[in-house]
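Asker: What follows is a single structure, and I will ask about it in a moment.
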Protein chains: 2
Amino acid sequence: MQKPSKDTGSGDRTVASLGEFGTIDAVTSGRSQPDSTVVGPGDDAAVVTAPDGRVVATTDVLVQGVHFRLDWSQPEHVGRKSVAVNLADVVAMGARPSSVLVGLACPGTTDISTVTELADGMWAEAARAGIGLAGGDTVSADQVVISVTALGDLQGRAPVLRSGARAGDVLAMCGRLGWAAGGLAVLGRGFRSPVGVVNAHRYPEPPYTEGPAAAEAGATSMIDVSDGLLADVQHLATSSGVGFDIATQNLRVDDRLAEVASALGADPLHWVLTGGEDHALVATFPGEGSVPQGWTRIGTVVPAGSGPAPVTVDGGPYTGGDGGWQHWR
Amino acid sequence: MQKPSKDTGSGDRTVASLGEFGTIDAVTSGRSQPDSTVVGPGDDAAVVTAPDGRVVATTDVLVQGVHFRLDWSQPEHVGRKSVAVNLADVVAMGARPSSVLVGLACPGTTDISTVTELADGMWAEAARAGIGLAGGDTVSADQVVISVTALGDLQGRAPVLRSGARAGDVLAMCGRLGWAAGGLAVLGRGFRSPVGVVNAHRYPEPPYTEGPAAAEAGATSMIDVSDGLLADVQHLATSSGVGFDIATQNLRVDDRLAEVASALGADPLHWVLTGGEDHALVATFPGEGSVPQGWTRIGTVVPAGSGPAPVTVDGGPYTGGDGGWQHWR
């Protein structure tokens, strides 16, 4: 019923002054599309290649004040994050990312530089996965809400579901764990450094090529760690009808993360086990020999009901930190 | 950083009390998926068939207070509309819809019945196009924001772009025009009937099968009418580098619409020419003989610069109503 009005010619650089078409132009013009984009922005819809004959598709919505704070993250970080969390879902199916579409709702008073910086971050993250933004929509709203849809190609393989883990399989992970939680703890105390840890909260760096690599290696189940290692392995346990035991001796705690935890009086292993938003990949493989290079074995799939909890840590229920585990029971 | 908490067991039926997973379950459980959904809700991403080897994809975002009012429309209407506007974009490329994904942001205080009714409308509209909801995301926000991504299959045909109209082509339309504008005018005066016209504002009824039919018949360009006939034909004119002349004698004004206009002292032809949100399809064809059954010829493609405006009405610039035309110049 209401749309941003057209450019008033006054030099005003808000989204409302540029209008819908001006805003879309600011976000899309001068960007180069990959070969997978058959028809890009500017028509009724995009057309993207789907050589496999099936397309992997996922949507995640990020809301200002809920999923990001513009006083803690720059718009470029938020743009990167919004694309990354979706691409992580695509690769967790074992698919190669092929495209993203973006829906952006924001107040008409938003400076156009905020929108172009968001777009810069989205394009940068898409480029990290070898793809581009094929389309989108910009609308007016009271709060910044970013919805991203990511598409992917299975390259002829079966999708790797959450439900395929079998007792005796090996649990392995690839990527970072606990870093985003560490970064959030730093920001929550009012600090802005170390920047490597803080940036891990601002945007994840999922290992995009490792999802298809795990599928190629025969992964029986896979998930990206958005809620926390224990919570997401619990999802694998529920979907597959199995249990898991995680061996903490194999969970690497980086020195930088340990230093930050020490300074804040926190347990870095708790961040690693329960911290979300790093979007590492966790997968099961039919044996030690099938775990791809670059992945670390962190546990074992056990029969359902064989342990004191669906997911145990070093053989027992996890009770560390501020009660982390029961959040997800 | 914050998520709806889990069910408190208090009988509270808000989104916050059910939590993210309970809400997703309320929206997805007990729905039947079409064959095109290979993997539905519940994993990291959906998998949808794309037999053509290319996938058509589009995203539209609808915001409470901007695109809909929950005091004027029931949640089911809003659900229908959110899916319909996206499917209209898919069929305007000449593609057959294959799936939709939904991102829903709403306050935690939202009653779960509002969410299930929204979902009912989405599923009903998807069913009208022979498809289902393959996935989505629900998050917390201050305002209801619905993002829908629709996917479609080109069935081996070239996409019908906005840029293919050529001088000498015939302009034709299929669907309703002016009804949503009439319904909005009724609601704006505080009335709630006639319900047929009012409902046209609440949700459009795009002619889904006619997009692929037009493509099959050789349509040279196509668009769905979201901004208004003149505005959207202007988009065809700009993209194709041509002009258009619309013949009002061929624009049908339904008796019910004429009666409403008469009662409100409005010009129904103005609604037909400038009213948006009906999502009729407008396409160009290489000759009268190629216009499919069910479509109405409403004008002619002329060389760019041959008329007094890029889009003329009965040979002249349109100056009717409350200055409609200059909104979109």
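Asker: Any chance you could give the angle, 0 to 90 degrees and rounded to 10, that helix B:112-128 forms with the longest Cα principal axis of chain B?
Answerer: The helix B:112-128 is inclined about 40 degrees to chain B.
Asker: Further, regarding this structure: Translational diffusion coefficient, Stokes-Einstein: compute it for region B:170-328 using the Kirkwood radius over C-alpha pairs as Rh, at 37 °C and 0.692 mPa s, and state it as an integer in µm² s⁻¹.
Answerer: Diffusion coefficient, whole number: 208 µm²/s.
Asker: So, one more: Determine the sum of side-chain charges near residue A:281: Lys and Arg each +1, Asp and Glu each -1, restricted to other residues whose C-beta is under 9 angstrom from that of residue A:281.
Answerer: Within the 9 Å Cβ shell, the charges total -2.
Asker: Nearest 10 degrees is fine. How inclined is helix B:229-240 to the longest principal axis of chain B, computing both from alpha carbons?
Answerer: Helix B:229-240 sits at roughly 80 degrees to that axis.
Asker: Over all directions, what mean area does the Cα convex hull of the protein assembly as shown project, stated in square nanometres?
Answerer: Its Cα hull, projected and averaged over all orientations, spans 29.0 nm².
Asker: Taking R0 as 60 Å, what's the FRET efficiency between residue A:252 and residue B:13 from their Cβ-Cβ distance, rounded to 0.05?
Answerer: That gives a FRET efficiency of 0.85.
Asker: By the scheme Lys and Arg +1, Asp and Glu -1, what is the net charge of all other residues having a beta-carbon under 14 Å from that of residue A:193?
Answerer: +3
Asker: OK, next. How far is the Cα center of region A:56-89 from the Cα center of region B:130-196, in Å?
Answerer: Cα centres, region A:56-89 to region B:130-196: 27 Å.
Asker: Next question. Principal axis extents for region A:15-153, Cα atoms only, whole Å, descending order, please.
Answerer: Taking the Cα atoms of region A:15-153, the three principal extents are 43, 30, 21 Å.
Asker: Let me ask you something else. Can you give the convex hull volume per residue for the Cα atoms of region A:92-236, as a whole number of Å³?
Answerer: That works out to 144 Å³ per residue.
Asker: Using a 10 Å cut-off on Cβ to Cβ distances, tally the other chain neighbours for every residue of B:59-70 and report the average as a whole number.
Answerer: Counting Cβ atoms of other protein chains within 10 Å of each residue's Cβ and averaging gives 6.
Asker: From the P(r) of chain B, can you give the percent of Cα pairs sitting at distances over 35 Å?
Answerer: Value for chain B (Cα pairs over 35 Å): 26 percent.
Asker: Compute the distance in nm between two label points, each set 7 Å from the Cα along the Cα-to-Cβ direction, one at residue A:167 and one at residue A:113.
Answerer: 6.2
Asker: Averaging sequence separations of C-alpha pairs under 8 Å and six or more residues apart, then dividing by the length of chain A, give the relative contact order as a whole percent.
Answerer: Worked out over chain A, it gives 20 percent.
Asker: Whole-Hz Karplus ³J(HN,Hα) for region A:89-98, in order, using 6.51 cos²θ - 1.76 cosθ + 1.60 and θ = phi - 60°, x for Gly and Pro?
Answerer: 5, 5, 6, 5, 8, x, 9, 8, x, 10
Asker: On a 0 to 90° scale, report how tilted helix B:179-188 is relative to the longest principal axis of chain B, with both axes built from alpha carbons and the result rounded to the nearest 10.
Answerer: Once rounded, one gets 60 degrees.
Asker: I would also like to ask the following. Taking amide H positions as placed in the peptide plane 1.01 Å from N, state which residues far from residue A:298 in sequence (5 or more) or on other chains have amide H under 5 Å from it.
Answerer: Amide H neighbours of residue A:298, under 5 Å, 5+ apart: A:171, A:172, A:173.
Asker: May I ask you to derive the FRET efficiency for residue A:293 and residue B:314 from their Cβ-Cβ distance with R0 = 56 Å, giving the value to the nearest 0.05?
Answerer: 0.20
Asker: Taking 56 Å as R0, compute the FRET efficiency from the Cβ-Cβ separation of residue A:306 and residue B:304 and round it to 0.05.
Answerer: 0.15
Asker: Using a 10 Å cut-off on Cβ atoms, rank the peptides B:86-92, A:13-19 from the highest mean neighbour count down.
Answerer: B:86-92, A:13-19
Asker: Next question. If the viscosity is 0.890 mPa s and the temperature 25 °C, what Stokes-Einstein diffusion coefficient in µm²/s follows for region B:24-103 when Rh is the Kirkwood radius over Cα pairs?
Answerer: In µm²/s, the coefficient rounds to 170.
Asker: Considering every residue in A:86-94, what mean count of other chain Cβ atoms within 10 Å of its Cβ is obtained?
Answerer: What the average comes to for A:86-94 is 3.
Asker: Where does the charge balance sit around residue A:100 when Lys and Arg score +1, Asp and Glu -1, over other residues with C-beta under 11 Å from its C-beta?
Answerer: -2
Asker: Would you tell me the mean number of C-beta atoms belonging to other protein chains that fall within 10 Å of each C-beta in B:31-44, as a whole number?
Answerer: 4
FYI, it's all coordinate maths here, none of it is from the lab. A quick note: this is a predicted structure, and the numbers were derived from the prediction, not measured. Every residue, glycine among them, receives a Cβ derived from its backbone with ideal geometry; neighbour counts consider all protein chains shown.
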